[in-house]
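Each reported figure results from applying straightforward, stated rules to the coordinates on display, with no laboratory input. The structure presented is a predicted model; accordingly, all values stated were derived computationally and were not measured. Note that we place each Cβ from the backbone using ideal geometry, even for glycine, and neighbour counts take in every protein chain shown.
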Amino acid sequence: MRTRHPLATVFVIALLVGPSVVSPALAQQPTTPGGKPMKQEAIITMQNGGEIVIEFFPADAPKTVENFVTLAKKGFYDGLTFHRIEPGFVVQGGDPKGDGTGDPGYKIKAEFNKQPHVRGAVAMARANDPDSAGCQFYITLAPAHFLDGKYTVFGKVVSGMNIVDNIKKGDKMKSVTIVEVTK
């Protein structure tokens, strides 16, 4: 009776399975067990009721999306308020201090892109320095094309714009949850 060497078995399996080299771009795109592409969305659940669903633009602002997703998964946004309300313009939140001066302890580089500031656009708020964003974000209540190319638009509201329209100063985000959905 012949016994096979364990490495020979691994080699045969490797030949049958084929190469396992995956491009970095494909490795970053989650898929379902059936191979369908997945995308991430954020669900902002407001403390006083309602949900806002945000679709991300990872191809246009990959580092910004990654930053927001990471903060949300850590619970950073849970319990924070919308501290700035400009009727007909924007609602802004995500500041741990609640007054527009807070940050997560670091800054991220701006990823200016061609995404327009349409109604429901989600973008990073910042100071005068384009590379001063960190955690604060705003949602446009109306088109604001004068901001195009000056701020990083990293998503858009796909559900719950009626909730956004009714946000008042001090309204709290109960939670921000990241979910994966089939494209």
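Quick look at the numbers
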item	result
Fewest-first sequence of LYS63, LYS172 by Cβ atoms within 10 Å of each Cβ	LYS63, LYS172
LYS63-LYS174 FRET efficiency (beta carbon distance; Förster radius 25 Å; 0.05 resolution)	0.40
Candidate aspartates and glutamates for bridging to LYS63, where Cα separation is under 12 Å - those fewer than 8 sequence places away on the same chain excluded	GLU111
Net charge of Cβ neighbours under 12 Å - reference ILE52; Lys, Arg +1; Asp, Glu -1	-3
Extension reserve of the GLU86-MET161 stretch, reckoned as 0.36 nm per residue once the Cα distance is removed	25.5 nm
Size of charge dipole - segment 29-182 - debye, nearest 20, with Cβ of Lys, Arg +1 and Asp, Glu -1, no other charges	60 debye
Computed lengthening from THR182 to ILE43, 0.36 nm per intervening residue step minus Cα-Cα distance	48.5 nm
Under 5 Å, built H, 5+ apart or other chain: amide partners of VAL90	LEU141
Backbone N under 14 Å from the LYS114 label point (7 Å along Cα→Cβ), restricted to segment 136-154	149
